[in-house]
Amino acid sequence: MANGVKYFIGNWKMFGIPSSNKILYRIERFFVNDKKHNKKYKIIIAPPFTLLYDFSKRFKNKKIQISSQNCYEKDNYGAFTGNVSPFMIKKLGIRYVIIGHSENRIIENNKIIQEKIKLALKNKLKIIFCIGENKKQKKQKKTFIVLKKQILSGLSKNYNLKNIIFAYEPVWSIGTGLTPSVKLLKKNVVFLKKFIKQKFRLNYNPKLIYGGSVDKKNAKDFETIKELDGFLIGGASKSSKNFIDIIKNFYK
Ligand code: PGA
């Protein structure tokens with residue numbers, strides 16, 4: 001969506017203890033003071049399960065939204081040790097959930113991801129749906145085939161895609177410091193948006209963000225890709241300074 005709202009989404013992965021809330025307070029303060037730009041973007045942070053309840057209460061009436069990093073593929077309650085259902089997440093006051101992250105796809109296949117998406121939507125959670133090719137698939141020029149399959153196997157034709165933010169995260173770029181060139185990313189982003197729009201017969205542009213080694217420098221380079229709706233930020237979201245610098249640089 002060319003000039004729509006941008007998303008800066010932080011994925012903390014296995015990071016954070018209760019006192020890490022100070023990182024969010026700093027980011028929140030920056031956002032509130034950034035009067036010149038703050039109508040143009042949204043900030044969402046995904047801490048681990050252990051912090052979801054505390055953070056969702058703390059930031060309930062604030063500008064930062066809280067997301068879960070995953071959910072289980074069964075709903076309500078059940079004998080599934082160590083797992084958390086979409087229903088339980090929703091009841092915390094959480095509005096977003098990341099599904100299909102490549103670090104989880106190692107043990108989750110497309111069928112499981114399809115189930116998670118179905119149940120998350122049923123619970124009225126918005127989804128950050130991660131897709132992306134790995135190094136080998138890229139080398140074999142299978143990127144588009146892989147992306148199409150991930151999208152089509154995850155989603156049903158009747159879903160309201162306004163509740164889904166697609167996160168294009170090439171696996172080879174996550175945590176590696178490697179990123180696609182501006183030209184390649186633009187090509188993939190344009191392809192994905194067009195594909196989704198056609199397949200699901202949308203009369204609007206789906207939201208699509210990029211993730212993988214995002215930092216203040218490459219975020220600025222990618223700013224030239226007008227089709228891109230924002231970023232999913234891992235490593236750099238664990239520091240308020242790095243996260244804020246990405247936003248500052250983006251709008252510089
Ligand atoms: P990274 O992680 O920014 O550390 O590469 C991104 C992600 O995994 O979502």
Just report the Cα centroid separation between region 11-25 and region 86-148, whole Å.
22 Å
Charge dipole (debye, nearest 20) of the chain; +1 at Cβ of Lys and Arg, -1 at Cβ of Asp and Glu
780 debye
Could you order peptides 80-89, 124-133 by the average number of other Cβ atoms within 10 Å of their residues, highest first?
124-133, 80-89
For the chain, what does the helix formula give at 222 nm: sum of -39500 (n - 2.57) over DSSP H segments with n ≥ 4, over the residue count, nearest 500 deg cm²/dmol?
-11500 deg cm²/dmol
Violations at 22 Å Cα threshold for listed pairs Lys74/Lys135; Lys139/Lys199; Lys60/Lys91; Lys111/Lys186; Lys138/Lys194 -> Lys74/Lys135; Lys139/Lys199; Lys111/Lys186
So what are the radius of gyration and Dmax for the Cα set of the chain, in Å?
17.1, 51
Expected output is a single nm value to one decimal: the length gained when fully extending between Val5 and Lys149, i.e. 0.36 nm times separation in residues minus the C-alpha distance. What is it?
49.1 nm
Name the long-range amide H neighbours of Lys207: under 5 Å, sequence gap of 5 or more, or other chain; modelled H, no Pro or chain starts.
Phe166
Rounded to the nearest 0.05, FRET efficiency between Lys40 and Lys74 (Cβ-Cβ, R0 35 Å) equals 0.35
Holding the Cα-Cα limit at 26 Å, pick out from Lys42/Lys124; Lys39/Lys252; Lys36/Lys122 the pairs that are longer than that.
Lys36/Lys122
Fewest-first sequence of Val146, Val5, Val214, Val171 by Cβ atoms within 10 Å of each Cβ:
Val5, Val146, Val171, Val214
Please work out the FRET efficiency for the pair Asn104 and Lys217, using the Cβ-Cβ distance as r and a Förster radius of 30 Å; give the result to the nearest 0.05.
0.60
Which of the chymotrypsin sites (Phe, Trp or Tyr not before Pro) across region 163-252 are loop residues per DSSP, with 10 or fewer other Cβ within 10 Å?
Tyr204
Lys126's amide H: which non-local residues (gap 5+, or another chain) put their own amide H closer than 5 Å, with H modeled 1.01 Å from N in plane and none for Pro or chain starts?
Tyr96, Val97
Read phi for every residue in region 88-102 and hand back ³J(HN,Hα) as whole Hz from Karplus 6.51 cos²θ - 1.76 cosθ + 1.60, θ = phi - 60°, with x for Gly and Pro.
5, 5, 4, 5, 7, x, 7, 10, 10, 9, 7, 10, x, 4, 4
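Every read-out reported here was derived from the displayed coordinates using simple, explicitly stated rules and does not represent laboratory data. Computed from a prediction, not measured in an experiment: that's the story for all the values here. FYI the Cβ positions are ideal-geometry reconstructions off the backbone, even for glycines, and counts take in every protein chain you see.
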